[in-house]
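The values are calculated or read from the model by the stated rules, or taken from the named source; none is laboratory data. Everything numeric in this text was worked out from a predicted model, so none of it was measured. Cβ: placed from backbone, ideal geometry, glycine included. Neighbour counts: every protein chain shown. Remember, those area values only see protein heavy atoms, side chains included, never the ligands or the DNA or RNA. Shrake-Rupley method; radii C 1.70, N 1.55, O 1.52, S 1.80 Å.
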Amino acid sequence: MKFQFSEKKVKLPGNVHAYAEKKVMKLARFFEEDAEALIVFSVEKNRNNVELTVHGAGTWFRAHESTSDMFASVDAAVGTIEGQIRKNKTRLARRLRQDAFVRTAEETSFVTDEKEDDLSIVRVKQFYFRPMTRDEAVLQMNLLEHSFFAFRDEDNDGAFAVVYRRNDGSFGLLEDAL
């Protein structure tokens, strides 16, 4: 497993990084060797925050924990990710194809040159949109704890689509009306 560490508003000693790496390595049994872990440490209002993002086999898992101790925050974040994996393990195994984790989609980015008064873009992200079923997209959205997820819809010949969580808790789908 590959590790990246980031610190916001805090400078931590190396033993915190070593402790986090040791704890996150517990998750390595769920992923292949090419999995990546991003651990972001920050301190806000005397709370030690840890944001852990693990990417492996085309699936993202994220946890954000905040406690009074940085070590406890690391433990809680790892526990949250492990719980997400265990909760969705059967769904992942049952719903995903054998080769569903292979990166084959093209890189897509959204960039605009136009500057509006109040509509300026402050951040641009680039993603690989891989083909997946609608059920897989909903599962991935839930794993990331996002309110929407963009993907290429296998059920619609790889057309761009977005699933989203509605206010009533159900899910919606935005698709291209060719």
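Filter the stretch 1-19 down to the residues that are in contact with a helix residue (DSSP H, G or I) (Cβ under 9 Å, 6 or more places away or on another chain) and at pLDDT below 85, then identify the one that is nearest to Glu36 (Cα to Cα).
Only one residue fits best here, namely Met1.
Going through Phe71, Phe61, Phe41, Phe31 one at a time, which residue ends up being open to solvent by 40 Å² or more (accessible area, probe 1.4 Å) and of a type in the set (Phe, Trp, Tyr)?
Step by step, each of Phe71, Phe61, Phe41, Phe31 is checked, and only Phe71 is open to solvent by 40 Å² or more (accessible area, probe 1.4 Å) and of a type in the set (Phe, Trp, Tyr).
Return the total of residues in the stretch 10-23 being outside any helix (DSSP H, G or I) and not aliphatic (A, V, I, L, M).
Here the count works out to 2.
Condition check: open to solvent by 60 Å² or more (accessible area, probe 1.4 Å) and in a strand (DSSP E or B). Does Glu7 satisfy that?
no
Among residues belonging to the stretch 17-28 that are surrounded by 14 or more Cβ atoms within 10 Å (Cβ to Cβ) and of a type outside the set (A, V, I, L, M, F, W, C), point out the one that is nearest to Gln84 (Cα to Cα).
Lys23
Which of the residues spanning the stretch 27-78 are among the charged types (D, E, K, R) and under 30 Å from Pro131 (Cα atoms)? Steps first, answer last, please.
So in the stretch 27-78, the residues among the charged types (D, E, K, R) come out as 29, 32-34, 36, 44-45, 47, 51, 62, 65, 69, 75.
Those that are among the charged types (D, E, K, R) and under 30 Å from Pro131 (Cα atoms): Arg29, Glu32, Glu33, Asp34, Glu36, Glu51, Arg62.
Filter the stretch 108-154 for residues that are within 21 Å of Asp176 (Cβ to Cβ) and modelled with pLDDT under 55; which is least open to solvent (accessible area, probe 1.4 Å)?
Only one residue tops the list, namely Thr108.
Look at the stretch 44-58 and say how many of its residues are crowded, with 20+ Cβ neighbours inside 10 Å, within 10 Å of the chain's Cα centre (by Cα) and β-branched (Val, Ile, Thr).
1
Would you please list the contacts, defined by Cβ atoms under 9 Å and residues six or more apart or on different chains, that run from a residue in the stretch 52-80 that is on the phi > 0 side of the Ramachandran plot to a residue that is part of a strand (DSSP E or B) and open to solvent by 40 Å² or more (accessible area, probe 1.4 Å)?
Close Cβ pairs satisfying both conditions: Gly58/Tyr128.
Given the criteria at pLDDT below 85, open to solvent by less than 60 Å² (accessible area, probe 1.4 Å), under 18 Å from Val54 (Cβ atoms) and of a type outside the set (Ser, Thr, Tyr), does Ala105 qualify?
Taking the combined requirement at face value, the residue does not satisfy it.
Filter the stretch 155-176 down to the residues that are under 19 Å from Leu139 (Cβ atoms) and hydrophobic (A, V, I, L, M, F, W, C) and list them by number.
Phe160, Ala161, Val162, Val163, Phe171, Leu173, Leu174 - these are the residues of the stretch 155-176 that are under 19 Å from Leu139 (Cβ atoms) and hydrophobic (A, V, I, L, M, F, W, C).
Are any residues in the stretch 143-178 touching a residue at least 24 places away in the same chain (Cβ under 8 Å) and closer than 28 Å to Leu38 by Cα, and if so, which ones? Don't jump to the end; show me each part of the working.
The initial filter retains those residues of the stretch 143-178 that are touching a residue at least 24 places away in the same chain (Cβ under 8 Å), namely 143-145, 152, 158, 160-161, 163, 165, 171, 173.
Leu143, Leu144, Glu145, Arg152, Phe160, Ala161, Val163, Arg165 - these are the residues of the stretch 143-178 that are touching a residue at least 24 places away in the same chain (Cβ under 8 Å) and closer than 28 Å to Leu38 by Cα.
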